[in-house]
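The values are calculated or read from the model by the stated rules, or taken from the named source; none is laboratory data. Every value quoted in this text rests on a predicted model; they were computed, and no experiment measured them. Cβ placement follows ideal geometry from the backbone for every residue including glycine, while neighbour counts extend to all protein chains displayed. Keep in mind that these areas ignore ligands, DNA and RNA; they rest on the heavy atoms of the full protein, side chains included. Shrake-Rupley method; radii C 1.70, N 1.55, O 1.52, S 1.80 Å.
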Amino acid sequence: MAPSAKYGPEVQRVSAETPVEDIIYLLKRDGGVFIRGLISVEDVDKAYDECRHRLENDVEWNGSFFPTLEEETQRAPGLIGLSPTYTKTQMMNSIFQEVCDHFLTTRSWYWWGTEKKESVSKPYVHSCTAMRIGPGGKAQPLHRDDYISHNYHHEIDSWDDERDKNRETALGLFVAGSKITKENGGTQFIPRSHLWGTDRTNPPDVNDCIFAEMEKGDGFLMLASAYHGGGNNVTANDQRLLFATFAVRGYLRQEENQFLAVSQDSAKQYDRPIQAFMGYSMSDPACGYVEQMDPIFVLHPELGREAGPKDF
Ligand SMILES: O=C(O)CCC(=O)C(=O)O
Ligand SMILES: [Fe+2]
């Protein structure tokens, strides 16, 4: 049966055994899809153990994108360096990988002298963060995570495979690290908002949202162009833990990787404008951070401590 005949109109909750073609179809239709039992509870708990120390030692955020009080929200960025279990079971999850390959592989042809050549650019990881929202944590503004890549979207009625093959630049996998409810800060998500044009005059409205309620180990796949945001935690003592993994198109990077081509010791010999131009700087908004701060702090730790993490 064609996927279009199998599923009701609301955002779907499918099992991890669902054919990946169906998951891709639902993402094109709705911008998001839930996968029940994507990651085993044991692997989720182990991933939490491996990043717990970083979560508990997160520093205060200076801004409103993440709730400001340390008790309300903690993040553990750089999860690949903290949690091998997260990396192997979530980032490398085969459904996530197949879906990323489908939406984020870029194929282009060009003349190379008299030869017609095709190149295939594969996606790679964009960010890996665990986020814990505690009681009193306030909802984030609804946003599209592909604002990072300065995308401009035309309004469309429905997905067209040929026209829209390069529409998305990034894709996210959220995995529930705890039971997630509307009350404890479940991600707010506007179904089908990935189809919206950039130039809509009305802002995204919380009344159009569904809440990403999940059992521990469930996953929510989301196109990065869909409007969403962390929810309010209105509980008295319930912590919401979420692992968030994003992948991005592979060509969104430097041609020559300055961070590996030039040692940090060499980079430290230069002045600030050179360091910024070689890549120790943010691309506004939110692109290029380390430990959620401007990467200049890697070369000048005293600057990171002064500024601390702030709104992107
Ligand atoms: O915490 C969440 O549910 C989502 C977080 C998010 O969207 C973000 O940090 O960009
Ligand atoms: Fe987001």
Filter the range 129-172 for residues that are within 12 Å of ligand 1 (Cβ to nearest atom) and assigned to a strand (DSSP E or B) and give the result.
THR129, ALA130, MET131, ARG132, ILE133, HIS143, ARG144, ALA170, GLY172
Can you tell which of ASP146, ASP164 is assigned by TED's automatic domain parsing to the domain that holds THR245, at pLDDT 95 or above and within 16 Å of ligand 2 (Cβ to nearest atom)?
ASP146
Quick check on GLU60: is it over 29 Å from SER193 (Cα atoms) and either at pLDDT 95 or above or open to solvent by less than 20 Å² (accessible area, probe 1.4 Å) (or both)?
no
When both residues are 6+ apart or on different chains and their Cβ atoms are under 6 Å apart, which pairs have a first residue that lies in the range 281-293 and is under 14 Å from SER149 (Cα atoms) and small (Gly, Ala, Ser), and a second that is assigned to a loop (DSSP other than H, G, I, E, B) and open to solvent by 60 Å² or more (accessible area, probe 1.4 Å)?
ALA286/PHE312; GLY288/MET282
State all residues of the range 85-126 that are out of contact with any helix residue (DSSP H, G or I) (no Cβ under 9 Å at 6 or more places or on another chain), within 27 Å of ASP45 (Cβ to Cβ) and in contact (Cβ under 8 Å) with a residue 60 or more places away in the chain; if no residue qualifies, say none.
ASN93, CYS100
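Pick from the range 98-130 the residues that are within 30 Å of ASN57 (Cα to Cα) and open to solvent by 40 Å² or more (accessible area, probe 1.4 Å): which of them is nearest to the chain's Cα centre (by Cα)? Walk me through how you get there before you give the answer.
Kept after step one, since they are within 30 Å of ASN57 (Cα to Cα), are these residues of the range 98-130: 124-130.
From the residues that got through so far, the ones that are open to solvent by 40 Å² or more (accessible area, probe 1.4 Å) too are 124-126.
On the way: TYR124: 12, VAL125: 9, HIS126: 7 Å.
It comes out as HIS126.
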Does ALA212 fit the bill of being within 12 Å of ligand 1 (Cβ to nearest atom), assigned by TED's automatic domain parsing to the domain that holds ASP146 and either in contact with a Gly (Cβ under 9 Å, 6 or more places away or on another chain) or farther than 26 Å from PRO135 by Cβ (or both)?
yes
Can you pull out the strands (runs of 3 or more DSSP E) entirely within the range 199-312 that have at least 1 residues that are of a type in the set (Lys, Arg) and on the phi > 0 side of the Ramachandran plot?
none
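Looking at THR198, THR187, THR245 in this structure, which one is of a type in the set (Ser, Thr, Tyr) and more than 16 Å from ligand 2 (Cβ to nearest atom)?
Details: THR187 fails: more than 16 Å from ligand 2 (Cβ to nearest atom); THR245 fails: more than 16 Å from ligand 2 (Cβ to nearest atom).
Going through THR198, THR187, THR245 in turn, just one is of a type in the set (Ser, Thr, Tyr) and more than 16 Å from ligand 2 (Cβ to nearest atom): THR198.
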